[in-house]
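Reviewing the structure listed below.
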There are 2 protein chains.
Amino acid sequence: MSIQVIFLGTAASIPTVSRALPSVVVKRKNEILMFDCGEGVQRQMIKARVGFHRKMKIFTTHMHGDHVLGLPGLLQTMSLLDRTQRLEVYGPVGIRAFIESIQLTVQFVLTFPIEIYEIENEGVVCEEREYHVQAARTIHMIPSLAYALIEKPRLGRFNPEKAKALGVPEGPLWSRLQHGEKVKTPTGKVVKPEEVVSAPRPGIKIAYSGDTRPTRSLARLAENADLLIHESTLGDEMLKRAQEDARMLAIIKIHSTPSQAAEIARKAKVKRLILTHLSSRYKSAERLLEQARKIFPNVDVAEDFMKIELSLGDA
Amino acid sequence: MSIQVIFLGTAASIPTVSRALPSVVVKRKNEILMFDCGEGVQRQMIKARVGFHRKMKIFTTHMHGDHVLGLPGLLQTMSLLDRTQRLEVYGPVGIRAFIESIQLTVQFVLTFPIEIYEIENEGVVCEEREYHVQAARTIHMIPSLAYALIEKPRLGRFNPEKAKALGVPEGPLWSRLQHGEKVKTPTGKVVKPEEVVSAPRPGIKIAYSGDTRPTRSLARLAENADLLIHESTLGDEMLKRAQEDARMLAIIKIHSTPSQAAEIARKAKVKRLILTHLSSRYKSAERLLEQARKIFPNVDVAEDFMKIELSLGDA
């Protein structure tokens, strides 16, 4: 099994010709987990062939328009397409009022139930059988969250040859061994799980920063992640400019530069870093990439429709 | 002077890979008049190089999401770019509650004043020195409007050679003649305006249907227009299918087919018809175009970023 990450929008605040507003989709088995939902996301989903009928959870990081304004159109299009499956929406306090006010002021009839979860505390916000999603507070202009998708450890690999050699016949005993129980063979011999099953394999972990200045809470949340998707709104060169430019200072104080994002990746010991949420001033991302690479080599800059496959082999 | 019409979005309800949600922009002198404001319009404006700082009026036809959900992101981006100039927004009752609820639930600070006009009656909704915009009720699922931009007649062409030959010296007398007054030359001879000025030239007229079934009110509004932009959601072939398909019937009853739009164009004696608001089921518009052309030959189907120049020479 593998997880696919698709970048639907990689711009900050204002879209560009080549970058749509922020949204990242994680395809896991038959489910879609979306992180942020910028304006235009429904069309990006159509272009990336992400369906509208799947099991889906949307995690919004904060209530700035560029991160949530894709939601109303997405809800409308899902309804026009007769979605019936429940949709879960997670976000900071305020996400419920936003969705409800749209339903009151723009004319459309929902064909499916929405469950809205306003997150007031850090920690696990959604618990599923095979994974959970954890939220951490970040530091931005308004209350903001980062998220991590954390798969639970998977069962170790079962070795059928070894089991047979030890006299365990194929059938229910194999399953009990794989689930960590000792079993007795027909000849009365006790076989322990560790004799035929490898150690449990950690699942895949993906962390997403949302908009934030560098913060230890995110480094902790992202610890040992296979992939950290971190905002990098402005380049390091703007730190200097901000000393003389009050407006630039105000922006850079609530965002991260490539070096700052790379430093978080290094501290968190993640395996791979992708920078996203780029200011429209950058026509090319080359300079941002260089700045980050000095501190954390396994880094790339996201582009719209970039896809990443993560499988346990990577872990 | 000419007027430029740019189609920013030509899809109906759900965007496609090649068609964004509805919006048409009319560039007239230093001003932008936008008709409908579908999700993603700000990015379409960037792609079409329509600026965010100009004098601008937005006319929304009805409160369905695909026609208004581009507004919040547009307001946010204009503010991020420090627009200071007033923005006028016209629409049916409900447009004010929508804009105000977005301002309450999504975090952004407007840097410019918005004037919202909720249209309750047909007729002139906006009067400028050189043009007015007129609204007419149309027939859709919810209250809906069509609009016409109607330029006032322009002064006739002044013939300076003739004026000189008749003994009128260059100066204020010329201006008085051009504005329709008789004047006396220094030698006491009376010169009438029609001797030196051609007849006033009618201005350009553009009508925009919004979403509607064929309606006489629109044919009246569009009378003698240089350009009628008419919705054409579904092809004529769907009229037959709707007889057995209740859902198709419900949709087609509140929209127009190419033949129906062409019939309105013919009745209104417009000079040119452009079909837009195409259902996502049509990969090619060829069939729709053929259906309309049988009834009204000067017809085209809009594509995103299609531009049309209208000048008085066309009138």
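Some observations on this one:
- Where a residue in segment A:116-135 is in the same structural domain as A:ILE206 (by TED's automatic domain parsing) and its partner, wherever it lies, is surrounded by fewer than 16 Cβ atoms within 10 Å (Cβ to Cβ) and β-branched (Val, Ile, Thr), with Cβ under 6 Å and at least six apart: A:GLU118/A:VAL93; A:HIS132/A:VAL124; A:GLN134/A:VAL124
- Checking each residue in segment B:228-246 for being crowded, with 24+ Cβ neighbours inside 10 Å and out of contact with any helix residue (DSSP H, G or I) (no Cβ under 8 Å at 6 or more places or on another chain) picks out only B:ILE229.
- Top-ranked residue in segment A:24-72 [being at the interface with chain B (Cβ under 8 Å from one of its Cβ atoms) and among the small types (Gly, Ala, Ser); ranked as nearest to A:LYS307 (Cα to Cα)]: A:GLY40
- Failed criterion for A:SER18 (all others in (1) surrounded by fewer than 24 Cβ atoms within 10 Å (Cβ to Cβ); (2) under 16 Å from the mean Cα position of the chain (by Cα) hold): (2)
- Of all positions in segment A:281-297, none carries a residue that is closer than 21 Å to A:SER2 by Cα and surrounded by fewer than 23 Cβ atoms within 10 Å (Cβ to Cβ).
- Filter result (under 14 Å from B:PHE59 (Cβ atoms) and in contact with a His (Cβ under 8 Å, 6 or more places away or on another chain)) within segment B:92-120: B:PRO92
- No other residue among B:VAL133, B:VAL124 is modelled with pLDDT of 95 or more and open to solvent by 60 Å² or more (accessible area, probe 1.4 Å) apart from B:VAL124.
- Single match in B:VAL125, B:VAL133 (criterion: over 30 Å from A:ILE95 (Cα atoms) and in contact with a Cys (Cβ under 6 Å, 6 or more places away or on another chain)): B:VAL133
- Here B:ILE102, B:ILE116 are screened, and the one residue that is crowded, with 19+ Cβ neighbours inside 10 Å and touching a helix residue (DSSP H, G or I) at 6+ places or on another chain (Cβ under 8 Å) is B:ILE102.
- Any hit, segment A:136-147, residues being among the aliphatic types (A, V, I, L, M), away from chain B (no Cβ under 14 Å), over 30 Å from A:SER217 (Cβ atoms) and crowded, with 17+ Cβ neighbours inside 10 Å: no
- Of the helices (runs of 4 or more DSSP H) lying entirely inside segment B:209-315, those containing at least 3 residues that are more than 22 Å from B:GLY123 (Cβ to Cβ) and assigned by TED's automatic domain parsing to the domain that holds B:GLY38 span B:237-241, B:246-252, B:258-268, B:286-293.
- Looking only at segment A:84-102, residues that are in a loop (DSSP other than H, G, I, E, B) and either within 11 Å of chain B (Cβ to nearest Cβ) or within 22 Å of A:SER209 (Cα to Cα) (or both) come to 2 in all.
- From the list A:GLU170, A:GLU161, A:GLU100, A:GLU115, the one residue that fits, being within 23 Å of the chain's Cα centre (by Cα) and among the acidic types (Asp, Glu), is A:GLU115.
- For segment B:103-121, the set of residues classified as more than 10 Å from every other protein chain (Cβ to nearest Cβ) and touching a Pro at 6+ places or on another chain (Cβ under 8 Å) consists of B:GLU118, B:ILE119, listed by residue number.
The values are calculated or read from the model by the stated rules, or taken from the named source; none is laboratory data. All values derive from a computational prediction rather than experimental measurement. Virtual Cβ from ideal backbone geometry, glycine too; neighbours counted across all protein chains shown. What goes into the accessible areas is simple: the full protein's heavy atoms, side chains included, and nothing from ligands, DNA or RNA. Shrake-Rupley method; radii C 1.70, N 1.55, O 1.52, S 1.80 Å.
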